[in-house]
Amino acid sequence: MRRVIVRRSPVHGKGVFAMHALAAGERVLEYKGEITSWRNAVRRHQREGVEGHTFLFGLSDGRVIDGSRGGNSARWLNHACEPNCETIEDGGRIFIHTLRPIGVGEELFIEYLLATEDPLDEDVRAQYACRCAAADCRHSMLADAA
């Protein structure tokens, strides 16, 4: 029985939505894709000239899961400053767990906590702008944005 579906999101592009009620702490999805080095993933991304979506999820050992290669619906999870899901790394795999009960039709969100080597000027801030509209929105998907 499918628990989630991908469809148009009012926040940004596509999103992942609950098809059934989900309990707090429930493992919903695994973030799947090709596991590679950051160097290879970035090089491929630049070579292919993909705009907007990258689908790269960093692992603690320095590798990355590239959801654009063999990925699943987890790659469509949108960012929120007050997420209702969290990511848990276990044995080089990333799992999405709910933080609280989620109702039927509700969009699932994680906090991206992105990092960039670029200086935080207006262009970089605009590129990583948050659209979640939460009461305590940081207005950025970057972990160190102030």
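Relative contact order for segment 4-112: what is it in percent, counting Cα pairs under 8 Å that are at least 6 residues apart? Intermediate results must be reported in sequence, preceding the final value.
Values: 234 pairs, mean separation 41.4, N = 109.
About 38 percent, as a whole number.
By counting other Cβ atoms within 10 Å of each Cβ, how are Ser9, Ser140 ranked from fewest to most?
Values: Ser9 17, Ser140 21.
Least to most surrounded, the residues fall as Ser9, Ser140.
Using a/c under 1.5 as the rounded threshold, could you call the chain rounded, prolate or oblate? The axes a ≥ b ≥ c are square roots of the C-alpha gyration tensor eigenvalues, and prolate needs a/b larger than b/c, oblate otherwise. Display every interim value, and only then the final one.
Working: a/c = 1.69, a/b = 1.22, b/c = 1.39.
The shape class here is oblate.
Summed over qualifying helices (DSSP H, 4 residues or more, each -39500 (n - 2.57)) and divided by its residue number, the chain shows a 222 nm mean residue ellipticity of -3000 deg cm²/dmol. Taking the Cα centre of the chain as origin and assigning +1 to Lys and Arg Cβ atoms and -1 to Asp and Glu Cβ atoms, the resulting dipole is close to 720 debye.
In terms of surrounding Cβ atoms within a 10 Å radius of their Cβ, Val124, Val16, Val104, Val64 rank from fewest to most as Val104, Val124, Val64, Val16.
Note on Thr54 and Val42: their simple-model spin labels are 0.8 nm apart, each label 7 Å out from Cα toward Cβ. With the charge dipole of the chain set up from +1 on Lys and Arg Cβ and -1 on Asp and Glu Cβ about the Cα centre, the Cα lying farthest toward the positive end among the listed residues Gly67, Tyr128, Leu56 is that of Gly67.
Just rank His97, His79, fewest to most, by other beta-carbon atoms within 10 angstrom.
Values: His97 16, His79 19.
So the residues, fewest neighbours to most, are His97, His79.
No lab work stands behind these numbers, since they all come straight from the coordinates. Not measured: the values here are computed from a predicted model. Here the Cβ is made from the backbone with ideal geometry for all residues, glycine too, and neighbour counts use every protein chain on show.
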